[in-house]
1. Name the single residue that is surrounded by the fewest Cβ atoms within 10 Å (Cβ to Cβ) among those in region 200-218 being in contact with a strand residue (DSSP E or B) (Cβ under 9 Å, 6 or more places away or on another chain) and either more than 21 Å from ILE150 (Cβ to Cβ) or among the charged types (D, E, K, R) (or both).
2. Tell me yes or no: at least one residue of region 260-270 is at negative phi, surrounded by 22 or more Cβ atoms within 10 Å (Cβ to Cβ), of a type in the set (A, V, I, L, M) and in a strand (DSSP E or B).
3. What's the total number of residues in region 271-290 that are farther than 16 Å from PRO220 by Cβ, in contact with a Gly (Cβ under 9 Å, 6 or more places away or on another chain) and crowded, with 17+ Cβ neighbours inside 10 Å?
4. Which ones in region 238-253 are surrounded by fewer than 20 Cβ atoms within 10 Å (Cβ to Cβ) and either touching a Leu at 6+ places or on another chain (Cβ under 8 Å) or over 15 Å from MET191 (Cα atoms) (or both)?
5. Tell me which residues, restricted to region 307-341, are among the polar types (S, T, N, Q), surrounded by 20 or more Cβ atoms within 10 Å (Cβ to Cβ) and assigned to a strand (DSSP E or B).
6. Can you tell me which residues in region 126-153 are part of a strand (DSSP E or B) and touching a Pro at 6+ places or on another chain (Cβ under 8 Å)?
7. Considering only region 54-72, state which residues are within 22 Å of PRO113 (Cα to Cα) and out of contact with any Ser or Thr (no Cβ under 7 Å at 6 or more places or on another chain).
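None of the figures in this text is laboratory data; all of them are computed from the coordinates on show. All values reported here derive from a predicted model rather than from experimental measurement. Because the Cβ atoms are built from the backbone with ideal geometry, glycine has one as well, and the counts that use them run over all protein chains shown.
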Amino acid sequence: MLRNHYQQWLTFFAVGLALGCGSSVEEVPPEGRPIEIADEVGDGEVHLANIRQLTFGGENAEAYFSFDGQQLIFQTTRDGVPCDQIFQMDLDGSNQQMVSTGNGRTTCAFFDPDGESIVYASTHLGGLECPPAPSFRMGYVWAIYESYDIFRAGPDGEELVNLTDTPGYDAEATIGPDGRIVFTSVRDGDMEIYSMNGDGSDVVRLTNRQGPDGGPFFSPDGSKIVFRGREIQDGDEYDDYKGLLDQGLWRPTAVEVFVMDSDGGNLIQVTDFGGASFAPFWHPNGERIIFSSNLHNPEGRNFDLFMINVDGSGLEQITFNDSFDGFPMFSPDGTRLVFASNRDAAAEGDTNVFIADWID
């Protein structure tokens, strides 16, 4: 998944290496005040109506609906929050409140289907401060912090319970309709996908190939998993990848969208575009997948949202904005789409959360 890193990637291209903490952020509109309407829907964005901006400044991404469709959970870096922490908010952007500890760095939060808890990854057991950003002396690389572990907490962040304690990166946890958790880990020396029970027991490895597999989501019925990944064969490219990973780093390369059964069987490659196609999520009908990609210019930073059938047919572009659109998720009833975007940014590098009515 490493979804927060794609947000950083776009910022890197936009403002060089000046990605920093504590970006200025405008005051969130108070409850009861209408949220500002974003710019007019772009040409071709026929599936989106009434686009509304929910956050205003800073770095906000990976907003995901609760299973009842009434709340969003997301990660943010903003004034007073020097590196990503987990927040919740109502669908109109009101009642934004931190539900993580405020220590370390967090990523990839998700609601439990019963509405009684949340899961997210955090580095706070490895240190209360924000972990250091990686050096770029080896080029542009992302940190795969080995201090990331997955935690469960009550809906307001109370009663924190550690679900993973294996050495190495454990993060990118999402939950299926039966409460089973799927996540990404480097515990076995490579970036692979695993599943486990809601209490952290019965850990099962689902992928077993060289390369950066991650970012998994269960299908609406829990029978399949969609994820981003890439297989890297033996050779110089793999040696570079593995050498960096052993140092807790990853150089972003081409990734594609894959689907497999919930037990790891029947692996199917859905996209084959080059560049980066990532952050896939299921349409509620379980037959289509929405994802973010720079497929029109794999060397560029203009990412848009696309939809495709599970068999790789029927590609359709959803957003047409000359910036970054990513991290899409449908509401459980399919009537809304939430996503992160650089559109209408008040300051260069700002990423905000938007919600729109979905028109099939």
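1. ASP202
2. The answer is no, given that none of the residues of region 260-270 is at negative phi, surrounded by 22 or more Cβ atoms within 10 Å (Cβ to Cβ), of a type in the set (A, V, I, L, M) and in a strand (DSSP E or B).
3. Of the residues in region 271-290, the ones farther than 16 Å from PRO220 by Cβ are 271-279.
Cutting the leftovers down to in contact with a Gly (Cβ under 9 Å, 6 or more places away or on another chain) gives us 271-272, 275, 278-279.
With crowded, with 17+ Cβ neighbours inside 10 Å added as a condition, the list becomes 271, 275, 278-279.
Qualifying residue count for the region: 4.
4. Listed by number, the list holds a single entry, ARG251.
5. Selection gives SER341 alone.
6. TRP142, ALA143
7. Start the filter on region 54-72 by keeping residues that are within 22 Å of PRO113 (Cα to Cα), which leaves 61-72.
Those that are within 22 Å of PRO113 (Cα to Cα) and out of contact with any Ser or Thr (no Cβ under 7 Å at 6 or more places or on another chain): GLU62, ALA63, TYR64, SER66, PHE67, ASP68, GLN70, GLN71, LEU72.
Condition check ((1) closer than 30 Å to PRO132 by Cα; (2) within 21 Å of the chain's Cα centre (by Cα)) across all residues:
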site	(1), (2)
MET191	yes, yes
GLY211	yes, yes
PHE218	no, yes
GLY229	yes, yes
TYR241	yes, no
GLY248	yes, yes
PRO252	yes, yes
